[in-house]
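Student: Next up is a structure, given as C-alpha cells.
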Amino acid sequence: MKKILLATLTLFLIHCVSAQTNTFTATASGWNTAGNWSLGIIPTSSHDVIIPSGKTVTGMSSAGANNCKTLTVSGTLTFSGGNPRYITVSDTVLITSGGVINMTGSNAYYIVSIRSRFLPALFRLGIFKV
C-alpha cells in the first residue's frame, strides 16, 4: 500500500512541475485574451506556448505581462503598437518552417530569452521581420 501511495504521489508531483502546453486557438486575435488560448488563460511563465500554422497573434501588452516557458511559432506573432512590446521566454524560442515574427512600427520590441536558447539554425527555417 505504501508503494502504491508513493508511486501515485510521485506521478502527481511530476505532473505538477512540468510545463503545460497553451496553444493559441483563435484565427487572428490578441495575446492578452484568455479565450484565445487552449487552457482558457493568458500564458504564464510556466506554459509552453504554441502558435500554430494559420494563426496570428497580435495585441501584446506593453506592461510586461507577456511571459512563457517556451515559445514555438509556426504561425505569426506580430509586435506593433504605440508603446514598447516584449515577451519574456524562460527557455527555448523556436520559429518553425513557415513561422513568422513581425516587428513593425517605430517603437522598441523585444523577445527576451532568459536562457539564451535562440538557436540560430532555427531562424533559417522561419522568418524574422524587423
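Every number in this text was worked out from the coordinates using simple rules, so none of it is lab data. Please read all numbers here as calculations on a predicted model, not as lab measurements. Cβ coordinates were reconstructed from backbone atoms using ideal geometry, including for glycine residues, and neighbour counts include every protein chain displayed.
Student: Please give the peptides 28-41, 47-60 ranked by average Cβ packing (other Cβ atoms within 10 Å per residue), highest first, as a rough proxy for protection.
Tutor: Numbers: 28-41: 14.9, 47-60: 18.8.
By packing density, highest mean first, the sequence is 47-60, 28-41.
Student: Hey, rough spin-label estimate for Asn32 and Ala19, points 7 angstrom out along Cα→Cβ, what's it come to in nanometres?
Tutor: Reported label-point gap for Asn32 and Ala19 is 2.3 nm.
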